[in-house]
Amino acid sequence: MSDGQSTAGEPPEEVLQMLSDEGVPLVTVGVGTTDGPRNVAISELEVSPVVFVQDTNQMTVHIESRGMQAETATLLIEKRRNGGPWQEFVREEIVLNLEGQLQPRTFDFSETKNGKLEFRAKIIDTGPEISEDDNLASAEVRVIRQRLNVLFIAGSTFPEVQFLRNTFLRDRQINLSSWLMAADKTYEHPGDLPIRRLPVTQEELNDYDCVILYDPDPTLWPINFPELLTSFVTKAGGGLVYIAGEMQTARMFDRQSDPSLSWLNLLPVIREPGLFRSQVQIRLSARSPWKLDVTEQGFQDSIFTFSNDRQTNEQTLNNLPGMFWHFPVTKAKPGATVLAVHADPRMRNEYGQEVLIASQRVGPGWSIFIGFDSTYRWRYLDEQFFDGFWARVVDRAGRSKQLGGNYPFRLSTVQATYQPGSQAKIMARFLDDSQMEPGLQTLYGEVERGDDQPIPLTLSPGNKAGEFSTTFPVSQPGTYFVRVWLGDESAGATVKAATLPIKVEFPNKELENPALDEAFLQMMAVSTGGRTYQISDANEIPNAFKIKQVSRFLEERQEIWDAPIFYILIFGLLVAEWILRKWCRLL
């Protein structure tokens, strides 16, 4: 009784030859179906565990099927709020894909109130299948209000500082803690969450979502604050916004090789040693205000979205009052997004116009550099332009930390498992396009197995917006760990990375081709003089075995020359001869 598929033991051809030589007929009974076992399953219901009120979020249902290609089924998603009754959220007819391929289905959802959401996804109307136990998956989501904790550290007083502090205090979406480094010890630092000192432990700093530095003096920081700041961005996913000033910024960058200033590597710009501006250049640039030259990536970025209408937004940007002073840098880092450059054609170098605003992901965190300190002048046009810009900057920088310090993308594969010798495909998909930098063209990562040397990976944009992918060979069985991060290629050694395990195992031949091979069973039976039956013909199977009486002679031979009875007999004869001779007096 078999499905006609050979998975172990001797090759069927050798067994058939042996049966034919011995004249033993083989009777076969086909078990199984020609289509193989049917089954559809939901492997995962993927959704962020924490989302914001009013945000558009996404959930993805990963479906895999076998033996049901091109057939239809119904996907039903239900949700309930705070333990209430289940309500239908999505009902959609789907067409099942090829065997072994994951089939993702993505849906948007948005909530107006905070609370706990529960989702459950079902596959129904599938017809007969092996099991329906794997047709259900569920997930929980916590909906929170977006109120970010911001730590604002200013090295000295300046109009930019005063206006920024007041803006953050008015914003009901921000809890502000401020620290003026130039103030005396009795100064009461204003804020929604007032502080009397800067954080000195990682736990204290990680209570914030975004740190804004205006021209700080690092010599007045706690001794471990640079280390805390680096871990805050690269591990906890916090946001860092640096505003250049005229007192401390140049001094810091001139000695950026100092280990205590290693946190400057978090910024998305590079200032090479020896870069300077002559007094003539400074005076020329300070005679009249120069405006920002917003790049195409800047127009696409949400922080420069003053209006949803592109033409109106461009007009607003063109009308923004300019700046008299800026801090020159050499260029933006590889992978960084340049949002604005200096409009003065004289303010340029071999890499182009000098960068004024740039942003970059550093691991799960975000870093923004602003090379001038006069955005307060935008208030002369309209106070809302200044307030709105900084609200979006804080939201951009601190959102990732508020969501738990996770990356804004999810890693996935097109198959649940892979076989040794195949090519594995890894995909990174951004859940929210607004969390992806407009200039992002590459994601970096690595894959490792056991103690093997990690293999570097480069993920390139795919066919869909917000999707990056790459392939790599998997030659040995085991679990491969993929790490992917945001930032430059070398950032993986210091930042927390998004990870995904991939299983590579030898194929299970019982499941690789489980369909009934009737032709092979028929060939096996015919070649030995037997017959093939179906399960429905079970009553006829005994007739295939012929019963008759046969005669057979069994012959058994045993050698006795070395048997014990032989030696006993000889010994007895010798004794009898001796007694006879004794009796006849022949001795």
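The values are calculated or read from the model by the stated rules, or taken from the named source; none is laboratory data. Not measured: the values here are computed from a predicted model. All Cβ positions, glycine included, derive from the backbone under ideal geometry; neighbour counts span all protein chains shown. Heavy atoms of the whole protein, side chains included, go into the accessibility calculation; ligands, DNA and RNA do not. Shrake-Rupley method; radii C 1.70, N 1.55, O 1.52, S 1.80 Å.
Under the condition of being open to solvent by 30 Å² or more (accessible area, probe 1.4 Å), in contact with a Lys or Arg (Cβ under 8 Å, 6 or more places away or on another chain) and under 21 Å from Ala336 (Cα atoms), the residues counted in segment 354-398 number 0.
Among the residues of segment 413-431, those identified as open to solvent by 50 Å² or more (accessible area, probe 1.4 Å) and assigned to a loop (DSSP other than H, G, I, E, B) are Gln415, Ala416, Gln419, Gly421. Filtered by the rule that a residue be surrounded by 15 or more Cβ atoms within 10 Å (Cβ to Cβ) and without any contact (Cβ under 8 Å) to a residue 60 or more places away in the chain, segment 170-189 gives Asn175, Leu176, Ser177, Ser178, Trp179, Leu180, Met181, His189. Count of segment 56-103 residues, restricted to those that are on the phi > 0 side of the Ramachandran plot, touching a Lys or Arg at 6+ places or on another chain (Cβ under 9 Å) and surrounded by fewer than 13 Cβ atoms within 10 Å (Cβ to Cβ), is 2. Residue count for segment 447-470 satisfying the condition of being within 18 Å of Arg410 (Cβ to Cβ) and either open to solvent by 20 Å² or more (accessible area, probe 1.4 Å) or part of a loop (DSSP other than H, G, I, E, B) (or both): 10.
Taking each residue of segment 397-425 that is closer than 30 Å to Val150 by Cα and looking for partners that are of a type in the set (A, V, I, L, M, F, W, C) and part of a loop (DSSP other than H, G, I, E, B) with beta-carbon atoms closer than 7 Å, six or more apart or interchain, yields Lys401/Ala236; Gly405/Ala236; Tyr407/Leu486; Pro408/Leu431; Pro408/Met436; Phe409/Leu431; Arg410/Leu431. Put simply, of Glu227, Glu203 the only residue that is open to solvent by 10 Å² or more (accessible area, probe 1.4 Å), closer than 23 Å to Asp258 by Cα, not polar (S, T, N, Q) and not in a strand (DSSP E or B) is Glu227. Of all positions in segment 269-287, none carries a residue that is under 24 Å from Ala391 (Cα atoms), at pLDDT below 90, open to solvent by 30 Å² or more (accessible area, probe 1.4 Å) and of a type outside the set (Ser, Thr, Tyr). Summed over segment 497-516, the residues that are modelled with pLDDT under 85 and closer than 19 Å to Ala428 by Cβ give a count of 0. Apart from one condition, Gln256 fits all of (1) open to solvent by 10 Å² or more (accessible area, probe 1.4 Å); (2) not in a loop (DSSP other than H, G, I, E, B); the exception is (2). Counting only strands (runs of 3 or more DSSP E) that sit wholly inside segment 473-569, those with at least 3 residues that are β-branched (Val, Ile, Thr) and closer than 30 Å to Glu448 by Cβ are 478-485, 498-504. Counting only residues that are surrounded by 10 or more Cβ atoms within 10 Å (Cβ to Cβ), over 30 Å from Val27 (Cβ atoms) and modelled with pLDDT of 80 or more, segment 544-565 holds 0 of them. The strands (runs of 3 or more DSSP E) located wholly in segment 17-108 that include 3 or more residues which are in contact with a strand residue (DSSP E or B) (Cβ under 8 Å, 6 or more places away or on another chain) and of a type outside the set (A, V, I, L, M, F, W, C) occupy 39-47, 57-66, 72-81, 87-95. Cβ separations smaller than 7 Å between residues 6+ apart or across chains give the following pairs from segment 331-350 residues that are of a type in the set (D, E, K, R) to residues that are assigned to a loop (DSSP other than H, G, I, E, B): Lys331/Tyr351; Lys333/Pro268; Lys333/Asp488; Arg348/Glu354. Output yes when any residue across segment 135-156 is free of Cβ contacts under 8 Å to residues at least 40 places away in the same chain and part of a strand (DSSP E or B), and no when none is. Within segment 135-156, none of the residues are free of Cβ contacts under 8 Å to residues at least 40 places away in the same chain and part of a strand (DSSP E or B).
Quick grid of which residues meet (1) among the charged types (D, E, K, R); (2) touching a Cys at 6+ places or on another chain (Cβ under 6 Å); (3) surrounded by fewer than 13 Cβ atoms within 10 Å (Cβ to Cβ):
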position	(1), (2), (3)
Met1	no, no, yes
Pro11	no, no, yes
Leu16	no, no, no
Asp21	yes, no, yes
Val24	no, no, yes
Thr28	no, no, no
Gly32	no, no, no
Ser43	no, no, no
Glu46	yes, no, no
